[in-house]
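No lab work stands behind these numbers, since they all come straight from the coordinates. Note that this is a predicted model, so its numbers are computed, not measured.
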Amino acid sequence: MRSGVRDIYEELWQNNTDVAQQTLTVPFLQHMQRGDLQADDYVAFMMQDVLYLLTVTDLLGNMSRRPLPNDLKTFMQDRYQSYQSFSNYILDRFKLKAPLDIRPIPALERYLLDYRTIMDKEKPIFFAVSLLPCSRLWIWIANSLEESYCNAYFVWKKGNMHGNPEKHYKVLLNNNLKTPNQIKRANQIFRQQMQNEQNFFAASLVE
């Protein structure tokens, strides 16, 4: 960024790294790192994650059909196409057929409700903000987990280590979040969704 120009994209992450650090310590991820996570707990987590993926894909489809400024329209359409493609891959990979009859655990139900509330009650730029915590956190967690190829859950680490959320979000957020009130609200929503991520991981294994 040019000198004197705030990088809101990066600020949102830096302001919430405490939640990221706390998330890394939850039992589910610690047992995954050690390789002794019970297989049924991992399967249950994955099924909830599939439900998350399909639901957020539908929400993005809704947003992509709304009248929006050009940059937001392009963002929503691109993200929808990406999520839709990945949804199709996951359904085929696990031989599943949508719609799935999966009940969300309370933590995920709360998370998805917050997405819907943001979509319906906030300006569209804040829905974009609400998507970013998942994109940044999962990459960070995957790179932070100390796992070797011998770990049965290295496949999760490997599958989530890479990605470039900056490409999709940085210019959009920095161009659309200018006023103190906009930046304050973006921070609130970002932290709320980071906390939803932590709650989801924490609820996936309660010891």
Counting helices only, and only those DSSP H runs with n ≥ 4, report the 222 nm mean residue ellipticity of the chain as the sum of -39,500 (n - 2.57) divided by its residues, in deg cm²/dmol to the nearest 500.
-24500 deg cm²/dmol
In sequence order, what are the phi-derived ³J(HN,Hα) couplings for segment 183-193 according to the Karplus relation 6.51 cos²θ - 1.76 cosθ + 1.60 with θ = phi - 60°, rounded to whole Hz, with x for glycine and proline?
5, 4, 5, 4, 5, 4, 5, 4, 5, 4, 6
Taking 37 °C and 0.692 mPa s as the conditions, I'd like the Stokes-Einstein D for segment 121-207 in µm²/s, using the Kirkwood hydrodynamic radius from alpha carbon pairs.
225
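Using the Kirkwood radius over Cα pairs, work out the Stokes-Einstein diffusion coefficient for the chain at 10 °C and 1.306 mPa s, in µm²/s as a whole number.
Value of D from the Cα-based Kirkwood radius: 89 µm²/s.
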